[in-house]
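The values are calculated or read from the model by the stated rules, or taken from the named source; none is laboratory data. This structure is a prediction, so every number in the text was calculated from the model and none was measured. Counting neighbours? That spans all protein chains shown, and the Cβs are built from the backbone with ideal geometry, glycine included.
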Amino acid sequence: MPRLPVLRALTLAVLAPLLTTCAAGPSARADVRGDAPFTLAPGTSVRHADSGLDVEFVRVTADSRCPADVQCVWQGDATVRVETRETDAVTAHELHTAGRPASAVVGAFRLRLVALSPERRSGAAVEPRDYRVTLRMERSG
């Protein structure tokens, strides 16, 4: 059975790049520039090249937004926790979808909460891992 070692080697050659890509998974960090919006999943981050800051979406700490399939008197609010890092300094920010603050000043920039998805539905909780936050880094002033 001389074919078995060859088959193993071919299988390893095909699977190795896939396994290293999967291992990089959520820890892989993208770079963004300017004031273009960017979307993050919980635990992921981007490097904002213009400010030199890393921005990480930590989690949604509260979500009382009105479900999309219900008519509400008030739209409700969700609180998103993000962290910014510059060198070794980490700063936590709690941003709101409807309340204040919806943005935070970070050095010469303003980090603004643009959107939070998915929308809530009545009778169904959003799983923490399913949230996506869209943010924008703008020059302040």
**Prompt:** Are there any pairs with C-beta distances below 7 angstrom linking a residue in the range 96-114 that is within 19 Å of Val46 (Cβ to Cβ) to a residue that is part of a strand (DSSP E or B) and of a type in the set (Asp, Glu), with the two at least 6 apart or on different chains, and if so which?
**Reply:** Phe109/Glu138; Arg110/Glu138; Arg112/Glu138
**Request:** Considering only the range 68-141, give the strands (runs of 3 or more DSSP E) lying wholly within it that have at least 1 residues that are at pLDDT below 90, basic (Lys, Arg) and in contact with an Asp or Glu (Cβ under 7 Å, 6 or more places away or on another chain).
**Result:** none
**Fill in**
When the range 106-130 is checked residue by residue, the ones that are in contact with a Gly (Cβ under 9 Å, 6 or more places away or on another chain) and of a type in the set (A, V, I, L, M) are Ala108
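Of the residues Thr97, Thr44, Thr87, which is closer than 23 Å to Arg139 by Cα and in contact with a helix residue (DSSP H, G or I) (Cβ under 9 Å, 6 or more places away or on another chain)?
Thr44
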**Asked** What pairs come up if the first residue lies in the range 120-141 and is under 16 Å from Glu94 (Cα atoms), the second is modelled with pLDDT under 95, and their beta carbons are under 7 Å apart, counting only those six or more places apart or on different chains?
**Response** Arg136/Asp35; Met137/Asp35; Met137/His48; Met137/Ser51; Met137/Phe109
